[in-house]
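The values are calculated or read from the model by the stated rules, or taken from the named source; none is laboratory data. Quick caveat, the model's predicted, so the values are computed rather than measured. Backbone-built Cβ (ideal geometry, glycine too); neighbour counts: all protein chains shown.
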Amino acid sequence: MIERHFQIPFVARMAMSEKQIQQNYRPLIAIHKWFARRPGSLFRALLLSELEDVPIEQNYFKTHNFSEKHIFDPFMGGGTTVMEANRLGCMVTAADINPMAWWIVRQEILDLDLPAYAKAAAELRQYLSEEIGQLFETRCPKTGKAASAKYFLWVKTIKCGACGKNHDLFPNYLIAQDVRHTSNVFVCGSCGNLFESVDRKNSGACPKCRKSALIKHAARRNSSRCLHCDNEIRYPNGCVPDHRLFAIEYYLPEAHADKGRKGRLFKAPDAEDLLNVEEAIKRLRTMRSQFIPDDVIPKGDETERLHRWGYQRYRELFNARQLLGLELSCRWISKYPDEKIREALSTNLSDLLRYQNMLCRYDVMALKSLDIFSVHGFPVGLIQCESNILGIKGTKCLPVGSGGWLNITEKFAKAKSYCSRPFEIRHEGKRKVEVPIAGEWIGTHRNGSHPPEHREVNLICGDSSVIKELSKFDAVFTDPPYFGNVQYAELMDFCYIWLRKLVGAAHPAFASPSTRNSGELTGNINMGRDLTHFTDGISETFRRAAARLKPGSPLSFTYHHNKIDAYVPMAVAILDAGLVCSASLPCPAEMGASIHINGTRSSVIDTVFVCRNTGHVPRKWIVDTPEGVADIIREEIEALAVAGLKATQGDIRCIAHGHLTRLSIWNLRSIWKRSISTTERMGVIREWFISFGGLESILNALETDFSGATWKQDWMTTGMVCETPEMPDEISF
Ligand SMILES: C[S@@+](CC[C@H](N)C(=O)[O-])C[C@H]1O[C@@H](n2cnc3c(N)ncnc32)[C@H](O)[C@@H]1O
């Protein structure tokens, strides 16, 4: 049982380490981007704590096979539950309303002839190299040698309303910091020269034109002063922005290797580089596109920003060279005879799109492209980064840079090979040791096994709140949407519209022109979806899932939100499903260093809710005062500290939200009326929160344990007769 065998310090340590570099711990996630993936280690720990009567720490690194168990996930997303349960030998049924989620998890689970895939990927790169390789070549101005362009840096330009000349919207003139690079690199806003300076804050005058940095012409807060006539220019102006190529980061391994540059150099574009841009425009203009989607960008909470910038169609988010490379890639893939490989490469194309668009930004410290989904939105920057679509092989045959075919196909191959040889990472002091879990594997068919082994995985593309004909399950493990935190459909449409053109005809899941669905359970102002809509959907889903659960089996899910009101739907849903919450356990599930978390008040801690229709709850968790809750939280803060996590005020708030929710369910279970309206049921929960003293009473009771914590992330049912004898430290329900 999770309530007994889940050990907070152990699981927190595993989950926290995993979230630092999730691809190293769960390479399978590299199949394709999905948002807010929960740590695989957390779900492995939950499954094992439930399925075997052993404390998790003693069980985690062992091999398991629960072939008789059937697990359900109604919100599969990127497939964390599917992967972990399948790997443990369980039968799995999982659903998601978003066709992209369905497709991605299917790709994770399907077997693939890896050598044949690698051969096809190499052929595709060879074809692209012959067709458009030249467009990614450049010349080193220092040595005159040919080199590969790694990243092209583009600045947004705007026509001045007063003088009619083009003005560059540079937010500042720094291109690279001397952190990973050997020096700070600046662009001169006047003559376009690139130069180095030891002072990162003050570049000094350009050594070529002798002009100082154009600080007063820099763009900030939607305004800039025209370089030519000093007129104030406001942006965005509702027209699709133009871009000007102003710098190239290129790779020449032999150049300056002695200075620790690792072959990385910067240059301003020369005439040949600009000709390559023209050539791409000409070739695209003369070709009839078969795969470039012409879809309009619909209105939405996240797409609003794109509309403000004048973007009306998705294709406007790409430059000509990107569109040319993508169109040629699609043509080649669509003709590939083997269906599985064709679908794998189509998945790769969809994932590649993240880096092949003009919303990618350049990280001046890490010196790499920040893909379109590096935050959960469509950020429009002023400097955009175009990656070499082919990808570059470095001296050790490893990919250099990011965002090209080589990068995407290599990580895909690594992800698929993890399926036949999954491992865990054990921390031994400061050392991280890869522990193969022999005997475990991921997929529907075990590649190359004799006799062939098969596992049941039933993936449903559909709305879980209306789903019918489900089998009986031994457990539900899920990670529901966190009310409005991520607009899955709005974001994923960016990839979907391309993937649909490539593979859609063969799959009914791709019938709709968009992944948007009125049944999607996210708060969305533009689509008129509020907390009540969310409550109804979660409630229906939990009710259906709970009805298929064997008595006493868990429905367990992760959740976090900065606002207590976002927990009301979860409490309503659990009570509507006739369940009791027998545990609310904290576990780190986000990465503090994530761009959308670091430096904010956001929490990295999820509450794992464990709910059952009958069972036992540890007596010490049933408290009736804010002080009692504060004592539980203190213990949990300590347990997290053992794992190396210093809880912030935001984290403590989320932990407290979890306990308040759990206690509201415990106290309301015997008087709960499903027959009253959703608004009234939500009101009952809110009233209970208030009667308990609310969040503030718990935070006050925590005293300095709350007030002394840092405020921001700073990392990079009714009672039933019990059949089993009651334990003295537990209460049955
Ligand atoms: C938080 S994500 C799950 C993340 C996933 N567990 C992982 O770690 O990758 C929530 C998922 O719920 C899906 N979803 C939203 N409304 C749904 C509905 N009515 N039925 C089924 N899935 C839904 C979203 O498409 C999204 O993929």
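Being within 27 Å of Ala255 (Cα to Cα) and in a strand (DSSP E or B) is the filter here, so list the residues in the stretch 156-193 that pass it.
Leu174, Ile175, Ala176, Asn184, Val185, Phe186, Val187, listed by residue number.
Considering only the stretch 27-37, state which residues are of a type in the set (D, E, K, R) and either more than 10 Å from the ligand (Cβ to nearest atom) or part of a helix (DSSP H, G or I) (or both).
Within the stretch 27-37, Lys33 is the sole residue that qualifies.
Just checking, does the stretch 91-105 include any residue being modelled with pLDDT of 95 or more and more than 16 Å from the ligand (Cβ to nearest atom)?
Yes - at least one qualifying residue is present in the stretch 91-105.
Within the stretch 1-33, which residues are small (Gly, Ala, Ser) and within 13 Å of the chain's Cα centre (by Cα)?
Ala30
Go through the residues of the stretch 561-575 one by one and say whether even a single one is under 30 Å from Val296 (Cα atoms) and either in a strand (DSSP E or B) or in contact with a Gly (Cβ under 8 Å, 6 or more places away or on another chain) (or both).
no
This table checks each residue for (1) crowded, with 19+ Cβ neighbours inside 10 Å; (2) in a strand (DSSP E or B).
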| site | (1), (2) |
| --- | --- |
| Leu406 | yes, no |
| Ala415 | yes, no |
| Cys419 | yes, no |
| Glu434 | no, yes |
| Gly439 | no, no |
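Within the stretch 478-512, take every residue that is surrounded by fewer than 23 Cβ atoms within 10 Å (Cβ to Cβ) and touching a Gly at 6+ places or on another chain (Cβ under 6 Å) and give me the one that is nearest to Arg529 (Cα to Cα).
Result: Gly484.
Scan the stretch 284-305 residue by residue and report those that are crowded, with 17+ Cβ neighbours inside 10 Å and at pLDDT below 95.
Residues satisfying the conditions are Gly300, Asp301, Glu302, Thr303.
Quick check on this structure: which one of Ser582, Ser556 is assigned to a strand (DSSP E or B) and touching a Gly at 6+ places or on another chain (Cβ under 7 Å)?
Result of the check over Ser582, Ser556: Ser582.
So, in the stretch 350-403, exactly how many residues are hydroxyl-bearing (Ser, Thr, Tyr) and over 22 Å from Leu326 (Cα atoms)?
Summing the residues that are hydroxyl-bearing (Ser, Thr, Tyr) and over 22 Å from Leu326 (Cα atoms) in the stretch 350-403 gives 1.
Can you name the number of the only condition in (1) at pLDDT 95 or above; (2) closer than 30 Å to Asn613 by Cβ; (3) crowded, with 20+ Cβ neighbours inside 10 Å; (4) within 15 Å of the ligand (Cβ to nearest atom) that Gly462 fails?
Every listed condition holds for Gly462 apart from (3).
Considering only residues that are among the acidic types (Asp, Glu) and within 16 Å of the ligand (Cβ to nearest atom), look in the stretch 38-87 and name the one that is farthest from Val476 (Cα to Cα).
Glu84
Let me spell it out: the conditions are (1) more than 21 Å from Thr444 (Cβ to Cβ); (2) surrounded by fewer than 19 Cβ atoms within 10 Å (Cβ to Cβ); (3) of a type in the set (Gly, Ala, Ser), and Gly537 meets all of them except one. Which number is the exception?
(2)
Among the residues of the stretch 72-119, what is the count of those that are basic (Lys, Arg) and touching a strand residue (DSSP E or B) at 6+ places or on another chain (Cβ under 7 Å)?
Result for the stretch 72-119: 1.
Just checking, does the stretch 625-646 include any residue being in a loop (DSSP other than H, G, I, E, B), assigned by TED's automatic domain parsing to the domain that holds Phe534 and at pLDDT 95 or above?
yes
Evaluate the stretch 483-502: report whether one residue or more is touching a strand residue (DSSP E or B) at 6+ places or on another chain (Cβ under 9 Å) and more than 16 Å from the ligand (Cβ to nearest atom).
No - not one qualifying residue is present in the stretch 483-502.
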